[in-house]
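Notes follow once the structure below has been shown.
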Amino acid sequence: MIIDQAGALQGVRVIDFGRFIAGPYCGMLLADMGADVIRIDRRGGSEDRYIGPVAEGGEGGMFLSLNRNKRSLTLDPGRSQSAEIIRRLVAGADIVIANLPLEVMAKMGITYDSLRAIKPDIILVMISAFGPDGPYAHRVGFDTVAQAISGAMSLTGFPGPPIRSLVPFEDFGTALHAAFGAMVALYHRRETGLGQLVDASLLASGVTFMQAFLAERYVTGRQRRQQGNAGFYSAPSDCYPVKDGWIVVAVIGGAMFRRWARLVGREDLLQDPRFQDDLSRGDQYETIAGIMTNWTSPRTWAEAIAALEEARIPSGPAHGLEQTLGDPQVRARELLRYVPFPGAPKDVPLANTPVRLSTTPGAIRHRAPFSGEHTDEVLEQLGYSSEEIAGLRRLEVV
């Protein structure tokens, strides 16, 4: 088997106007697979660079992960000369990624109509909070807002106020949808020669992820309530105490429930009509939680998980961050790559490329760039002379 170390997307150029998570993660996925991704930074560094700093320069762990394998060009879009730089960038690009307010995109000249006037077969991946039309089109929003409007927060956590998920799943999910859309658009362009607009939004992702609960509410009228870590549609499906911490157990389907009942010594439940199927067992989650807790409490997590695994019941320890870093499966699969970054006291653990291809694998080829690290290099490739670049710097365009 031939392994292509350059990546399947070698030769594809992406201009990344992304910020924070959704846009940058979409660009990172393409960069990991070999695309030449040029991140457009503000002069002095964009705000997402400095969230959760881990290096002397203030760069955060999220930024270092989501912007590896990219080049950085600084640009002040408020300067008139920036329009020509953007024009040249687009003229040589295959994909443009932008998750900016519609008004800002229009001002910068990176709407789909503006871009295809420069390059007719361009693909614009536009990521927004709510989509480019409808009554919320001009609102700004982050992951938590989409979690709230989609209904996810109303069912998360224990009874009380709505609770957000710590993991910004709307952002990451939207980035995955956007990257998928970009790949479909590239395939379509290869077949037809036509570019297109790829429209992904946080709210669309949120509604997609909540579709089962939304369907149940609409069709049956059932009103679900917060119930902590317990599953809604099966049981046991919750977090349970052990002697040295907590474990998660998830049982779905009759065969698995029968194995669980035998394991905990409660085969009488198999004849009880209250536990006849997943939905009824989910409704009786408090009763099942008591049975499960009585079984787990006297055991360590290792003892409990060994017994559960022997019964082929999905389970796992509720790790703290340090335990996740040292988890043998995380290490064996190299799910984290430890990458040096100037100014960081230790190599920074970055999530490895999350999908593995046997012949054209993705890879972390180089660290995230300093702000503007490749400005001269990129401008030279766009045809600017050293004197012109110096002039742009004097005018604080780049």
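Data for the structure
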item: Test: residue in the range 146-165 that is crowded, with 21+ Cβ neighbours inside 10 Å and either out of contact with any Gly (no Cβ under 9 Å at 6 or more places or on another chain) or aromatic (F, W, Y) (or both); result: no
item: Neighbours by Cβ (under 6 Å, 6+ apart or cross-chain): first from the range 43-64, in contact (Cβ under 8 Å) with a residue 24 or more places away in the chain; second open to solvent by 60 Å² or more (accessible area, probe 1.4 Å) and of a type in the set (F, W, Y); result: D48/F20
item: Answer residue from the range 59-95, given it is more than 19 Å from the chain's Cα centre (by Cα) and of a type in the set (S, T, Y) and is surrounded by the fewest Cβ atoms within 10 Å (Cβ to Cβ) among those; result: S80
item: Subset of the range 4-20 (residues that are surrounded by fewer than 24 Cβ atoms within 10 Å (Cβ to Cβ) and part of a loop (DSSP other than H, G, I, E, B)); result: D4, Q5, A6, G7, A8, Q10, G11, V12, R19, F20
item: Out of E380, E387, E334, sole residue that is assigned to a helix (DSSP H, G or I) and exposed (fewer than 13 other Cβ atoms within 10 Å of the Cβ); result: E387
item: Residue among P369, P342 that is at pLDDT 95 or above, more than 24 Å from Q323 (Cβ to Cβ) and in contact with a strand residue (DSSP E or B) (Cβ under 6 Å, 6 or more places away or on another chain); result: P369
item: In the range 111-133, the residues that are touching a Ser or Thr at 6+ places or on another chain (Cβ under 7 Å), open to solvent by 10 Å² or more (accessible area, probe 1.4 Å) and not in a loop (DSSP other than H, G, I, E, B); result: S128
item: Candidates S205, S165, S201, filtered to the one that is over 21 Å from N67 (Cβ atoms), in contact with an Asp or Glu (Cβ under 6 Å, 6 or more places away or on another chain), modelled with pLDDT of 95 or more and not basic (K, R); result: S205
item: Whichever residue in the range 277-309 is more than 17 Å from M256 (Cβ to Cβ) and not in a helix (DSSP H, G or I) and, among such residues, is nearest to the chain's Cα centre (by Cα); result: T300
item: Lone unmet requirement of (1) crowded, with 18+ Cβ neighbours inside 10 Å; (2) touching a residue at least 40 places away in the same chain (Cβ under 8 Å) for P314; result: (1)
item: Positions within the range 1-51 being at pLDDT 95 or above and polar (S, T, N, Q), in sequence order; result: Q10
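The values are calculated or read from the model by the stated rules, or taken from the named source; none is laboratory data. Predicted, not measured: the structure shown is a model, and the values here were computed from it. Glycine gets a Cβ as well: all are built from the backbone with ideal geometry, and neighbour counts include every protein chain shown. Heads up: the accessible areas ignore ligands, DNA and RNA and are worked out on the full protein's heavy atoms, side chains in. Shrake-Rupley method; radii C 1.70, N 1.55, O 1.52, S 1.80 Å.
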